[in-house]
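The values are calculated or read from the model by the stated rules, or taken from the named source; none is laboratory data. Keep in mind that this is a model prediction, so the values were computed, not measured. Quick reminder, even Gly has a Cβ in these numbers, built from the backbone with ideal geometry, and neighbours come from all protein chains shown.
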Amino acid sequence: MNKLNSFPKSEHLCGEIRIARLFNQGQAFIAYPMRVVFLIDTSSKLKEPVSVMVSVPKKRFKHAVNRNRLKRLMREAYRLNKHCLVEKIEEKQIQIHIAFNYISNDELDFISIEKKMKVALNKIIELIAEK
């Protein structure tokens with residue numbers, strides 16, 4: 001299996017403290033239909049360079065089926081396009097935490113979600129390059 005195109009559990013962002021720190025100290029921008037929050041982490045000793053979480057609010061999508069489908073689409077879009085971000089992060093030898101929050105009221109298809117995921121990942125790469 002190609003390691004570049006996988007999304008193992010070790011790359012999932014979990015832990016209340018890490019997530020709280022991401023939302024308190026992280027930088028945010030919007031790549032509609034997603035709000036992206038990221039934090040360059042220097043203190044953590046995780047083996048993975050990038051850790052990601054995906055969320056879809058219950059307030060906008062009442063049915064779990066719809067929320068889970070959108071999360072699945074966002075994770076798949078990330079998995080297919082993460083290689084450029086991971087290469088840049090490993091090159092700089094840093095770690096980054098990212099949260100993708102779905103903010104649209106409409107369910108979009110995979111093609112539009114993937115297009116915006118590419119935009120979001122490229123913007124993160126640009127912002128990292130500035131530092």
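Based on what the data block shows, is R21 surrounded by 13 or more Cβ atoms within 10 Å (Cβ to Cβ), of a type outside the set (G, A, S) and either more than 13 Å from the chain's Cα centre (by Cα) or assigned to a helix (DSSP H, G or I) (or both)?
Numbers: surrounded by 13 or more Cβ atoms within 10 Å (Cβ to Cβ): yes; of a type outside the set (G, A, S): yes; either more than 13 Å from the chain's Cα centre (by Cα) or assigned to a helix (DSSP H, G or I) (or both): yes.
For R21, the condition - surrounded by 13 or more Cβ atoms within 10 Å (Cβ to Cβ), of a type outside the set (G, A, S) and either more than 13 Å from the chain's Cα centre (by Cα) or assigned to a helix (DSSP H, G or I) (or both) - is met.
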Residues within the range 1-18 that are touching a residue at least 24 places away in the same chain (Cβ under 8 Å) and either surrounded by 13 or more Cβ atoms within 10 Å (Cβ to Cβ) or farther than 19 Å from M74 by Cα (or both), tallied: 5
Failed item in (1) more than 23 Å from K116 (Cα to Cα); (2) surrounded by fewer than 11 Cβ atoms within 10 Å (Cβ to Cβ); (3) among the charged types (D, E, K, R), with D41 passing the rest: (2)
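Take residues that are in contact with a Leu (Cβ under 7 Å, 6 or more places away or on another chain) and tell me which of the helices (runs of 4 or more DSSP H) falling wholly in the range 62-131 contain 3 or more. Reasoning before the result, please.
Details: elements: 64-81, 83-92, 110-130.
Qualifying helices (runs of 4 or more DSSP H): 83-92, 110-130.
So in the range 49-61, with the set limited to residues that are of a type outside the set (A, V, I, L, M) and outside any loop (DSSP other than H, G, I, E, B), which one is farthest from E107 (Cα to Cα)? Walk me through how you get there before you give the answer.
Kept after step one, since they are of a type outside the set (A, V, I, L, M), are these residues of the range 49-61: 49, 51, 55, 57-61.
Now narrow it down to the ones that are outside any loop (DSSP other than H, G, I, E, B): 51, 55.
Numbers: S51: 25, S55: 14 Å.
That would be S51.
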Within the range 41-92, considering residues that are in contact (Cβ under 8 Å) with a residue 40 or more places away in the chain and among the acidic types (D, E), the one farthest from E130 (Cα to Cα): E48
So R67, is it under 18 Å from S10 (Cα atoms), at pLDDT 95 or above and either of a type outside the set (G, A, S) or touching a Lys or Arg at 6+ places or on another chain (Cβ under 9 Å) (or both): no
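Select, from E48, E11, E76, the only residue that is over 17 Å from K123 (Cβ atoms), out of contact with any strand residue (DSSP E or B) (no Cβ under 8 Å at 6 or more places or on another chain) and of a type in the set (D, E).
Values: E48 fails: out of contact with any strand residue (DSSP E or B) (no Cβ under 8 Å at 6 or more places or on another chain); E11 fails: out of contact with any strand residue (DSSP E or B) (no Cβ under 8 Å at 6 or more places or on another chain).
Among E48, E11, E76, only E76 is over 17 Å from K123 (Cβ atoms), out of contact with any strand residue (DSSP E or B) (no Cβ under 8 Å at 6 or more places or on another chain) and of a type in the set (D, E).
Checking the condition closer than 15 Å to L13 by Cα, modelled with pLDDT of 95 or more and surrounded by 13 or more Cβ atoms within 10 Å (Cβ to Cβ), which residue from N81, N101 passes? Write out each step before concluding.
Values: N81 fails: closer than 15 Å to L13 by Cα.
Result of the check over N81, N101: N101.
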Filtered residue count, the range 28-48, keeping only those that are in a loop (DSSP other than H, G, I, E, B), closer than 16 Å to E90 by Cα and at pLDDT 95 or above: 0
